[in-house]
1. What number of residues within segment A:132-165 satisfy the criterion of being in a helix (DSSP H, G or I) and either surrounded by 19 or more Cβ atoms within 10 Å (Cβ to Cβ) or at pLDDT below 95 (or both)?
2. Tell me which strands (runs of 3 or more DSSP E) are completely within segment B:69-128 and hold 3 or more residues being surrounded by fewer than 18 Cβ atoms within 10 Å (Cβ to Cβ), touching a residue at least 40 places away in the same chain (Cβ under 8 Å) and within 14 Å of chain A (Cβ to nearest Cβ), or say none if there are none.
3. Take the residues in segment A:207-222 that are within 14 Å of chain B (Cβ to nearest Cβ) and touching a Leu at 6+ places or on another chain (Cβ under 7 Å), then tell me which one is surrounded by the most Cβ atoms within 10 Å (Cβ to Cβ).
4. Considering only segment A:198-214, state which residues are over 27 Å from A:Leu47 (Cα atoms) and of a type in the set (Gly, Ala, Ser).
5. Considering B:Ala54, B:Ala138, which residue is buried (at least 17 other Cβ atoms within 10 Å of the Cβ) and within 14 Å of chain A (Cβ to nearest Cβ)?
6. Can you tell me how many residues in segment A:264-280 are touching a helix residue (DSSP H, G or I) at 6+ places or on another chain (Cβ under 8 Å), closer than 21 Å to A:Ile301 by Cβ and in a helix (DSSP H, G or I)?
7. A:Arg184: within 14 Å of chain B (Cβ to nearest Cβ) and either touching a residue at least 12 places away in the same chain (Cβ under 8 Å) or among the polar types (S, T, N, Q) (or both), yes or no?
8. Looking at A:Asn177, A:Asn250, can you tell me which residue is farther than 19 Å from A:Arg298 by Cβ and touching a residue at least 60 places away in the same chain (Cβ under 8 Å)?
Amino acid sequence: MNTQPLPRRSLSLWFQVVVACALWGAGPTAVRAELKVATLHPLMTDLAKQVGGSHVSVTGLMSPGENIHQFSPSSSDMAAARSADVVLASGKGLETYLPRLRSTLGSATRIVEAGSAVPSIKISAKDALFVCCPQHAVGGLDPHWWHSISGMKKAATFVGKEFGKADPANAKAYQANAAAYGQRLDALSAWAKRELSRVPRSGRVLVTGHAAFAYFCKEFGFRSLPVAGLSEESVGSQYLAEAIAQIQKNGVRTIFPEQGNNTRAISSVAKSASVGLGRALIADGSASEATTYEAFIRHNIGAIAAGLGGGAS
Amino acid sequence: MAMAFLLAWWPLQRLLSTDARDEAADTPAPVMTVEAPSAEPEADSLSLRIYATAGIDRLRVEHLGQVVVDRERIPEPETTAPLPGLVLPPEGVEFWVEASLSPAPGASPRAALAVELISDGHEPLRRTLWTDDAGGIADTVVFHPDATDQP
């Protein structure tokens with residue numbers, strides 16, 4: 001009577017051994033089953049890793065620190081994109097080469113634009129002089145959506161669903177990863193709000209080089225005042241004079257250069273307007289010292305709160 | 001007679017309330033820290049009133065990085081904090097609110113905290129914050145002089 005469980009246990013053990021052997025033999029197949037993702041922006045590389053977890057292999061075609069407005073995929077980048085199951089783009093027109101890439105890759109590769117999940121902000125006439133490039137002119141979509149933490153949360157949910165479509169076997173895992181990442185983004189948002197609560201509402205004017213911070217300003221109750229553009233050539237003396245007048249009119253006490261962009265012009269504006277120069281912001285989400293989204297946000301928020309905040313931390 | 005009174009009274013009442021709002025909005029007042037004495041003696045006396053749908057285990061409110069309220073296990077259903085020297089500028093005023101609430105057994109796990117900015121002679125401005133899954137709140141509330149309640 002009591003011998004019954006023993007054969008069952010043996011059978012179970014035998015079954016486990018068989019399954020283990022089968023999985024061992026199927027090793028290379030399991031590796032092939034992982035989702036290959038190529039990304040077109042450093043922040044998308046981090047997003048793909050956060051949402052994909054252990055089920056994806058991610059190849060970033062653009063390294064942190066590269067200029068996103070001047071990036072164009074090389075032939076080796078094209079080859080990497082062709083071998084991917086999913087190409088993850090930032091979207092909102094940032095990758096001006098995307099239509100060409102899409103036609104080159106054909107329908108076999110799924111191109112996901114993460115920013116399509118985020119409500120758009122259009123470039124206003126007042127910012128038109130200081131946009132990043134001619135493709136992003138008045139009335140066009142502002143492509144710098146990742147300055148909004150709530151926007152990144154929406155994008156994570158969207159990317160989780162898109163990964164699930166490309167790899168249905170792991171769809172639930174992608175959604176769970178996206179939800180967990182969303183919670184971490186909520187905590188990051190709370191931290192950001194607390195840091196920025198040191199900045200008086202009346203002093204929330206963010207003066208930067210080019211018009212990249214509209215999403216940030218909308219999320220945290222700032223007004224954006226871009227004054228220099230991306231290149232030294234893009235700013236004439238009359239515009240600098242207008243920028244200085246705006247800074248003084250708004251009572252701004254600190255303005256912010258951007259890493260890698262037109263720092264001389266901003267320094268000149270600061271000197272002429274007799275205002276302080278804050279720590280350089282990462283305007284385009286691409287910096288060698290901030291390879292994750294969280295590091296990128298903490299860098300910028302920390303710099304802005306330090307530059308404009310009046311109270312103790 | 002009654003109709004004539006209403007016709008005379010209604011525009012007057014509208015005018016008075018508009019004047020009061022304009023007066024508040026036109027006050028040329030920078031945001032000041034809570035501890036700083038007011039440079040404008042005629043400024044309204046502001047205070048915060050906070051109440052919750054559940055017990056408040058911990059409550060911390062900051063304005064411009066300075067602590068306005070920091071209390072634990074608040075027994076009474078509501079608590080108030082004076083804001084000496086603070087005025088409400090046209091751009092609004094923001095508070096950081098951090099709280100943990102403990103709903104009674106059997107009550108809805110989602111509890112809410114109401115934060116009211118009270119100024120003498122004006123309708124209170126109210127904001128509501130909801131707890132997260134863990135019963136916590138960590139968020140900001142912003143009060144604007146021209147908004148009577150949150151959207």
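The values are calculated or read from the model by the stated rules, or taken from the named source; none is laboratory data. Bear in mind the structure is a predicted one, so any value in this text is a computation, not a measurement. Neighbour counts are summed over all protein chains in view; Cβ atoms, including those assigned to glycine, are modelled from backbone coordinates with ideal geometry.
1. Qualifying residue count for the region: 16.
2. Of the strands (runs of 3 or more DSSP E) lying wholly inside segment B:69-128, none has at least 3 residues that are surrounded by fewer than 18 Cβ atoms within 10 Å (Cβ to Cβ), touching a residue at least 40 places away in the same chain (Cβ under 8 Å) and within 14 Å of chain A (Cβ to nearest Cβ).
3. Per the stated criteria, the residue is A:Phe220.
4. Once the filter is applied, which keeps residues that are over 27 Å from A:Leu47 (Cα atoms) and of a type in the set (Gly, Ala, Ser), segment A:198-214 yields A:Ser202, A:Gly203.
5. B:Ala138
6. Count: 0.
7. So A:Arg184 fits the description; yes.
8. A:Asn177
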